[in-house]
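The block underneath contains the structure these notes are about, expressed in structure tokens.
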Amino acid sequence: GPNEKQYTIGFAQCTNGDEWRKAMQESMEKELSFHPGVRLILKDAHDDSQLQIRQIRELMDEGIDLLIISPNEAEPITPLVEEVFNRGIPVIIVDRRTNSKLYTSYVGGDNLQIGRTAGQYVGELLHKQGNVLEITGTPSASAASERHSAFVSALKAYPGIRVVATVNGDWERKYVMPRLPAVLKAHPETDLIFAHNDRMALGAYLVCKELGLEHRVKIVGVDGLSGASGGIQFVQDGVFAGTLLYPTGGEEAIRTALKILRKEPYEKENILGTLVIDSTNVHILKQQSEKIVSQQHDIHRQQERIQEQTRLYTSQQTVLYIVGAS
Ligand code: FRU
């Protein structure tokens, strides 16, 4: 409410240049719109761990009450996050993790579960038989190392499935496009490509198309964003065989931050679930996600109306005051 205490939250985001991060920021802002006393300072590290370290120091100098961080890479970021935590500033880790238990709360998906679910889905999709190529995110990021190790170990239950190659796609299509063709030409036996996110999965599809392999090679991604360039649409269009939902947790991160700041009870681990999106459920999921988008739009319109009414009321009070005073 309006009598809420003022807080400043610093958000050290590993990158803010893609749709998934933008969706995270939007859901944070939607939640923050109910708390006008809370200020969010967002710093975009552009996938650069050294820059992220400098930005965390800047946030500390600005005097934040709480830090939200998505660590670009686990190892280089860990000591500073421990330092912030040890100084008594609450730390919420989102999406990617550090190598340490010194943090106040984690909000996000379980990337081991993502990797495991992907492995089981791929195993069944290929009827327990075939050749898989994996495209990873930046391997030193926890989301990539966890997705990779859990994927590979889940596939151990399928002795008929072989991982023919693992390519580092550094999370982006622009790195997949030049790196993948040689690997795919060396492994024409590839039946399926599992990419650690939908942007790289799209890159994989485009490379397959260039090589005339798009009907042979199945594509599976991660993220499952809604919207015209999101994974749900690519599954709907048959470009991907499937994708795994990876919720951003923006709203949950802000809610957890407020509980911590107000000294209310909170959970240390806030794990958001996943789900395979494929031809069996894409239709209903698309309808549901469109509904949510339109409801968010309504909430926004209602907030604007309330603000307008408040302005009107305030100016009427002023008029009454002037009339009363004369
Ligand atoms: C967004 C992103 C997502 C991925 C996540 C992993 O920047 O690359 O596509 O699921 O980061 O941390």
Test result for Lys174, away from the ligand (no atom under 16 Å from the Cβ) and basic (Lys, Arg): no
Is there a residue being assigned to a strand (DSSP E or B) and of a type outside the set (S, T, N, Q) anywhere in the range 72-92? yes
Is there any pair linking a residue in the range 168-197 that is aromatic (Phe, Trp, Tyr) to one that is assigned to a helix (DSSP H, G or I) and more than 16 Å from the ligand (Cβ to nearest atom), with Cβ under 7 Å and at least six apart or on different chains, and which? Phe194/Val122
Residues (more than 12 Å from the ligand (Cβ to nearest atom), free of Cβ contacts under 8 Å to residues at least 60 places away in the same chain and part of a helix (DSSP H, G or I)) located in the range 204-250: Tyr205, Leu206, Val207, Cys208, Lys209, Glu210, Ile232, Gln233, Phe234, Val235, Gln236
A careful count of residues in the range 271-326 that are among the β-branched types (Val, Ile, Thr), under 23 Å from Gly227 (Cα atoms) and part of a helix (DSSP H, G or I) gives 5
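Return a yes/no flag: does the range 30-50 have any residue that is among the polar types (S, T, N, Q) and in contact with an Asp or Glu (Cβ under 7 Å, 6 or more places away or on another chain).
yes
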Pick from the range 42-59, criterion in contact (Cβ under 8 Å) with a residue 12 or more places away in the chain and surrounded by fewer than 16 Cβ atoms within 10 Å (Cβ to Cβ), ranking: nearest to the ligand (Cβ to nearest atom): His46
Do we find a residue being part of a loop (DSSP other than H, G, I, E, B), at pLDDT below 95 and touching a helix residue (DSSP H, G or I) at 6+ places or on another chain (Cβ under 9 Å) anywhere in the range 24-32? no
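Hey, can you tell me all the residues within the range 33-66 that are part of a strand (DSSP E or B) and within 15 Å of Gln6 (Cα to Cα)? Spell out how you get there, then give the answer.
Step one: of the range 33-66, the residues part of a strand (DSSP E or B) are 38-44, 66.
Matches in the range 33-66: Val38, Arg39, Leu40, Ile41, Leu66.
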Considering only residues that are of a type in the set (Asp, Glu) and farther than 19 Å from Leu59 by Cβ, look in the range 73-124 and name the one that is surrounded by the most Cβ atoms within 10 Å (Cβ to Cβ). Asp110
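The values are calculated or read from the model by the stated rules, or taken from the named source; none is laboratory data. Everything numeric here is computed off the predicted structure, so don't read it as measured data. Methodologically, a virtual Cβ is constructed for each residue, glycine included, from the backbone with ideal geometry; neighbour enumeration extends over all protein chains shown.
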